[in-house]
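Bear in mind that the values in this text are calculations on the coordinates, not laboratory data. The model shown is predicted, which means the values in this text are computed figures rather than measured ones. Positions of Cβ are generated from backbone atoms using ideal geometry, with glycine treated the same way; all protein chains shown enter the neighbour counts.
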Amino acid sequence: MSISGQAQESCAQGIEQTGGNHMIRLTKRHHAQNVSRFYLIQVVPSLFGQWGVLREWGRIGQPGTVRQDWYGDEAQAQAASSKLLTQKLKRGYSQEETMYA
C-alpha cells in the first residue's frame, strides 16, 4: 500500500508548521484480520535544550509501548518525526487526528 506524494508533502508541512508542539495519532484497523492498532508521535523539548520524538504504539484499548529518541535540535527531531509518519502511512496506518499544544 502506498500513499501519494501530495499526502506525504501535506503531512510533512503539518509537522513543520507546528513548531514542534504536536501529537499525531495514527490508527490501523482490519476487522477481518483482528487488527486494531494505534501509533502516537509527538515532538517534545527537554529541560536541557534537546528535542525528542516520543512515540507510543500498541493495540487500541490496551497500554502501549513507549519509546523516546533524543536529538540535538528541533529540526532533527521534526525530520525524524516526518520519517516515522511516512513509514507508518506506507504500512497502512491512517492519520486520525493531529492535536496541537
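Tabulated results
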quantity: Only one of LEU40, LEU85 that is touching a Leu at 6+ places or on another chain (Cβ under 8 Å), touching a residue at least 24 places away in the same chain (Cβ under 8 Å), not acidic (Asp, Glu) and not in a strand (DSSP E or B); calculated: LEU85
quantity: Hits in region 66-101 - residues which are farther than 14 Å from HIS22 by Cα, among the hydroxyl-bearing types (Ser, Thr, Tyr) and out of contact with any Lys or Arg (no Cβ under 9 Å at 6 or more places or on another chain); calculated: TYR71, THR86
quantity: Leading residue by the ranking (nearest to the chain's Cα centre (by Cα)) among those in region 18-76 that are among the polar types (S, T, N, Q) and surrounded by 13 or more Cβ atoms within 10 Å (Cβ to Cβ); calculated: GLN42
quantity: Leading residue by the ranking (farthest from ALA80 (Cα to Cα)) among those in region 43-66 that are in a loop (DSSP other than H, G, I, E, B) and free of Cβ contacts under 8 Å to residues at least 24 places away in the same chain; calculated: GLN62
